[in-house]
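Worksheet: the structure to be examined is printed underneath.
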Amino acid sequence: MSKLVYFLSDIHLGASYIKNPIDAERRVNRFLDSIKDKASEIYLMGDILDYWYEYCKVVPKGYTRFFGKIAELSDMGIKIYWFIGNHDIWIYDYLPQELGITVIDGIEIKDIMGKRFFLNHGDAVGKQKLSFRIMRKVFRNKVCQFVFSMLPSCITIPFAHKWSSASRASEDNTCQEITKKYIDNILAFTKEHARVHTDIDYYIFGHIHEIADEKISKKARCILLGEWISKFSYAVYDGNDVKILKFMN
């Protein structure tokens with residue numbers, strides 16, 4: 001049987017608004033167990049963790065089940081790529097070394113089994129609000145990261161989770177309007193990009209928490225992966241086509 005390639009995004013493990021974080025982690029592990037004999041590559045397309053910051057000598061507690069499963073699949077020879085999102089920005093050397101994964105920050109364009117893919121979490125493309133662009137640059141600034149690392153984790157971790165919950169609540173209150181803007185923004189970007197770069201077959205993004213499969217040119221499709229808070233959606237590529245599925249076990 002030919003191997004398959006899987007894409008999933010926005011699991012947000014550790015988020016304070018997830019009622020049972022252990023159950024959420026176990027669900028992801030059940031999914032990974034279900035595909036480990038079929039997968040050749042797995043693409044984790046960002047915001048896998050709701051918050052992550054690696055300090056010099058310590059790492060945040062939690063995620064042991066998930067990390068163990070990722071390490072297991074990596075040891076089996078499955079190639080695992082983790083795209084940095086806007087929540088799990090501060091991944092340095094611990095996860096790549098410990099889990100055997102490849103971490104990607106930004107846009108990746110690559111050939112996979114005969115098709116050309118444009119891959120990104122979704123926060124680095126299209127038109128973004130000025131406040132978001134500034135925040136993104138600050139979070140990736142080496143000086144700011146160093147200053148942040150000097151603060152005690154008992155302050156920074158609760159603050160990060162509170163910020164995430166507040167942001168989530170704000171988006172829920174204006175969900176339809178925000179979602180439409182995000183989707184229109186992504187589609188506008190991909191249509192313009194595909195017009196110039198006619199070699200791309202698939203554009204795959206997370207970030208928006210919505211599921212979509214839109215044909216944007218005669219050749220290219222734009223795939224939005226959804227999330228693992230309530231939809232439990234993912235995409236699978238068999239060398240011929242990309243399909244969006246849901247894992248409900």
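The values are calculated or read from the model by the stated rules, or taken from the named source; none is laboratory data. All of these numbers come straight from a predicted model, not from anything done at the bench. When we count neighbours, we look across all protein chains shown, and the Cβ atoms used for this are built from the backbone with ideal geometry, even at glycine. Accessible surface is based on the protein model in full, side chains and every heavy atom, while ligands, DNA and RNA are left aside. Shrake-Rupley method; radii C 1.70, N 1.55, O 1.52, S 1.80 Å.
Summary of computed values
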{"quantity": "Average accessible surface area per residue within the range 1-100, 1.4 Å rolling probe, Å²", "calculated": "42"}
{"quantity": "Relative contact order (percent, whole number), the range 57-124, Cα cutoff 8 Å, 6+ residue spacing", "calculated": "29"}
{"quantity": "Summed residue charge, Cβ within 14 Å of Val59's Cβ, Lys/Arg positive, Asp/Glu negative", "calculated": "-2"}
{"quantity": "Listed residues Cys144, Cys56 arranged by accessible area, highest first, probe 1.4 Å", "calculated": "Cys56, Cys144"}
{"quantity": "Heavy atoms of Met248 accessible to a 1.4 Å probe, total area in Å² rounded to 10", "calculated": "120"}
{"quantity": "Accessible surface ranking that places the most exposed of Leu245, Leu187, Leu44 first, with a 1.4 angstrom probe", "calculated": "Leu245, Leu187, Leu44"}
{"quantity": "The range 41-129 - percent of accessible surface contributed by carbon and sulfur, probe 1.4 Å", "calculated": "49"}
{"quantity": "Accessible-area order (highest first, 1.4 angstrom probe) of the listed residues Arg30, Arg116", "calculated": "Arg30, Arg116"}
{"quantity": "Label-point separation, Ser16 to Asp241 (7 Å along Cα→Cβ), nm", "calculated": "4.4"}
